[in-house]
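Just so it is clear, none of the values below were taken in a lab; they were calculated from the coordinates. Just so we're clear, the structure is a prediction, and the values are computed from it rather than from any experiment. Cβ: placed from backbone, ideal geometry, glycine included. Neighbour counts: every protein chain shown.
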Amino acid sequence: MKISIVVPVFNSEGLISDCLESLVNQTMPKEDYEIICVDDKSTDSSLDILNQYKKKYENVVVIERTVNSGGPGAPRNDGIKIAKGEYILFVDSDDYLGEEALLRWYSFSKENQSDITLGKLKGINGRGVPKSMFKETNPDVDLVDSKIVFTLGPQKLFKASLLKENQITFPTHIKAAEDQVFTMNAYLKAKKISVSADYDYYYLVKRDGEHMSVAYVPPENFYGAMEDIISAIKASDLEEARKIKLMAVFLNRHFDFSRTRNVTLKIKKEKERAEWFHYLSSFIDSVPLEADQFVLPHIKLRLMFIRNKDLKGLSQYEREEKNIKKYTEIQNGELIACFPSLKTYHIHKDLINVTYKNKLDHFIKNIEINDSVLSIEGTIKHKLLDDETNKNQSLTGVFVHRDTKAEKYYSPSLFENSTFKFECMFDNIASAEEDLGVWDFFIESSIDRYKHRVRIGNKRDPNKYPLNAMYLGDNDLYVYSAKPYFTMKYDNLSVNIKKHAYTKAVLSYEEESKDLSFIFSNKLIYLPSGSKVVVSNGYSEMSVPIKDIVEEANGTKITINMENLIAQFFNYNKKKQLIEFAINTSNNQIIPKENNQVLVLEKKCVEQKFLFFFEKMVEVQYKLLTSKSKFYFQY
């Protein structure tokens, strides 16, 4: 048996079927995994649903607990005890897996001999999920130096021997944070931890109603679990210096992503706030003072108040930090938060340097290809600065070449009250041979001596251009295509510059108007104003103004008028002659997409001589035809 999936179930009748469907329909063969469902004395029809799946699928196991445990820890422990798999995966009854999750998870773990493998998480219905540790796949991550401490949920693939040989189970005396204690214990005992970030393995679903993560938990219970984690780190085999750093990483996570985040603001009643602060202080007392030097500055300030038993100061500081714009000013090119709550403490200026917390909040209202210009419009503000200070910012648009790191700068054509518009000439982006490649767009904002640069694009109104949209230009060195697009990983704006030699087209002709159309399927083409189609027969050349450019559902139609062209280019001494079409320059050719396409351009009666000088009027058809990626005139 390769994998045992453990699913704790309590009153999940409306959700459990979706979960189980994702489990029984995995691409891994059913004989290679088992699904252990542990019913925690449900009072709805959950158990009936589980038994239906048990009858239908041989790899479904159902355990019925006789007493409700009050939390998922005990049911998970029941599953661990009977698990037959080489690996154990914990799945909550309201979540589900990607179809290939088990096969990918197991193969990756076996290949890398992993004790624990973190598979990429995906939130559903607005559910937030940890992301920082899934930026790239890594078969061997470091517990202290990586971001994996920021995900302490049990939705991971654990080697069964790791859990059973080290007697790692979920603590059952608490109803929240038991998964954090469990996962940290497993992290500390694991010899190799891996991250697979190339597939959405586990889908966490946000549901209506109460969830354990937001349910009330007594402070002594919650902070008791936190002390258990600190005790586990202290008792681990890590070197002492790494223990201290790991505690600091855990504190960073704890104060920014747990119930302790802005705890004095959440609790309105003074007595209850004092109770929570008492147990929080007890927890922090268990953390060696040496860890404080490695935490983030805003957390170090919190620890200062807590270690000094200063609940009043912590409460005031958290109120001030919530309104940080009111207290932040620019000093010597850095952002300094002058919090009144800190006046009684002698602190280093580095602790109130909040430059690292600042972000440029931006939104893209419109991206447009207009003539030979890429127009980018939106709004931008510094998150930590008030509106009055933001009025003083100056902007620069920056295109950065992804490979060479060369930069090209643009001033906004419009900037007022945080609203900007950049108009970037495509020929300026593509002006030399080394400009070929991908250019990533940034905005740099400056106020006084403070500068901040940010990638933009992922916050925007819907983009009106599909992936096949491209501008065709000529910089006098080469013909190029410029494709604006949004990056796969971070969804930010980039432009891809490539040399362009030809575009395949299907022909269409209106005999009455003598309009010839080139239909470029699956390509949305934009051209500079005044563009022409260049027509050549090898002896002479003629530029024909483009009559119309129409965006169609499946591509672009460019139309020219053939009337003068027919008169000039038909050579009556040649029954068939090669004709080349191009856009603006002969280096940007149009070639046929279909072979043997024939268009009748015109019918005429002409006098032809036969034997014995006999003359006869005959009807001649002037045709445009295609053959092996070439165009021909023929009569």
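Couple of notes before you dig in:
- Mean projected area (nm²) of the alpha-carbon convex hull when the chain is viewed from all directions: 39.8
- Three-way shape label, the range 360-460, alpha-carbon gyration tensor, a/c 1.5: prolate
- Shape analysis of the range 34-174 yields a ratio of the Cα radius of gyration to the Kirkwood radius, Rg/Rh, of 0.96.
- Qualifying trypsin sites (Lys or Arg not before Pro) in the range 427-516, DSSP loop, other Cβ atoms within 10 Å at most 12: 449, 464, 489
- Ranked list, fewest to most other Cβ atoms within 10 Å of each Cβ, for 67, 91, 38: 67, 91, 38
- Plainly put, the range 96-237 has a radius of gyration that is 0.96 times its Kirkwood radius, both from alpha-carbon atoms, as the Rg/Rh ratio.
- Three-way shape label, the range 502-634, alpha-carbon gyration tensor, a/c 1.5: prolate
- Modelled this way, with points 7 Å down the Cα-to-C-beta line, the labels at residue 129 and residue 434 are 4.2 nm from one another.
- Ratio Rg/Rh [Cα only; Rh per Kirkwood] for the range 216-357: 0.98
- The gain in end-to-end length when the residue 82 to residue 552 segment is fully stretched comes to 163.1 nm, 0.36 nm per residue minus the alpha carbon separation.
- Cβ-based charge dipole, the range 216-357, positive-most Cα from 327, 296, 244: 327
- By the count of other C-beta atoms within 10 Å, a proxy for reagent exposure, 382, 278 are ordered fewest to most as 278, 382.
- Across the chain, the relative contact order, built from alpha-carbon pairs under 8 Å that are at least six residues apart, equals 7 percent.
- Residues 591, 456, 35, sorted so that the one with the fewest Cβ neighbours within 10 Å comes first: 591, 456, 35
- Stretchable slack from residue 334 to residue 274, in nm (0.36 nm times residue separation minus alpha-carbon distance): 18.0 nm
- Between residue 137 and residue 359, the simple label model (points 7 Å from Cα in the Cβ direction) yields a spacing of 2.9 nm.
- Under the Karplus curve 6.51 cos²θ - 1.76 cosθ + 1.60, θ = phi - 60°, whole-Hz ³J(HN,Hα) for the range 556-562, x wherever Gly or Pro sits: 10, 10, 10, 10, 10, 9, 9
- Between residue 402 and residue 45, full extension at 0.36 nm per residue minus the direct alpha carbon distance yields a gain of 122.9 nm.
- Label-point separation in nm, residue 221 to residue 563, each point 7 Å along Cα→Cβ: 8.7
- Alpha-carbon centroids, the range 42-56 and the range 127-175: separation in whole Å: 30
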